[in-house]
1. Can you tell me which residue is nearest to the chain's Cα centre (by Cα) among those in segment 33-90 that are over 18 Å from L102 (Cα atoms) and among the polar types (S, T, N, Q)?
2. May I ask you to list the residues in segment 86-108 that are closer than 14 Å to V6 by Cα and either among the acidic types (D, E) or open to solvent by 30 Å² or more (accessible area, probe 1.4 Å) (or both)?
3. Quick check on A57: is it in contact (Cβ under 8 Å) with a residue 40 or more places away in the chain and not aromatic (F, W, Y)?
4. Conditions: (1) closer than 25 Å to M130 by Cα; (2) acidic (D, E); (3) surrounded by 14 or more Cβ atoms within 10 Å (Cβ to Cβ). E34 meets all but one. Number of the miss?
Amino acid sequence: MTDLLVNLYSRRLGELAARVGDVEASIRVALPPEQHIVTDWVRTNFSAYWASEVAVAMAHQPLGCLIATIDGTLVGFACYDATARGFFGPTGVHETMRGRKLGLALLYHSLIAMKAQGYAYAIIGSAGPMDFYTNAVGAVPIAADKEDIYQGLLRIKPAAGA
């Protein structure tokens, strides 16, 4: 996977604001007492690695974790400044809620929060759906020769015989 760079002063953010104006979810910064709910939800629906990044993002002041809710139910999340300063991600939307622009809304609100904190650019580390980010905000690949912040990451190994 490749890292991507996003210009937070690009007109593309204004265009994205217009695209997500009618999203049905409430997007807001997670509150500290919700940390256990959000991290458990992320662990269940995505991975323990992402749950760890949520915990880090929620430890910052200001908090770097946004959530999407519909009728009081958590349906998505987005983090920034988790693995490294200036990094957007991880982010995810529950599989039953995809296709409703929730991911776009979480991306937009996260990038606007980063810009408000003084960032001029955001890095999307090991971006999965590159076309999603390119189309949404004009993200461009960062040349890295297969070297990134995640190289050497400890991985859980399957138990012998499993």
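The values are calculated or read from the model by the stated rules, or taken from the named source; none is laboratory data. Note that the structure is predicted; figures quoted are calculated from it, not measured. Note that each Cβ is placed from the backbone with ideal geometry, even for glycine, and that neighbours are counted across all protein chains shown. Protein only, heavy atoms only, side chains kept; ligands, DNA and RNA dropped before computing areas. Shrake-Rupley method; radii C 1.70, N 1.55, O 1.52, S 1.80 Å.
1. The extreme case among them is T83.
2. Y108
3. The answer is no for A57.
4. With respect to (1) closer than 25 Å to M130 by Cα; (2) acidic (D, E); (3) surrounded by 14 or more Cβ atoms within 10 Å (Cβ to Cβ), E34 is out only on (1).
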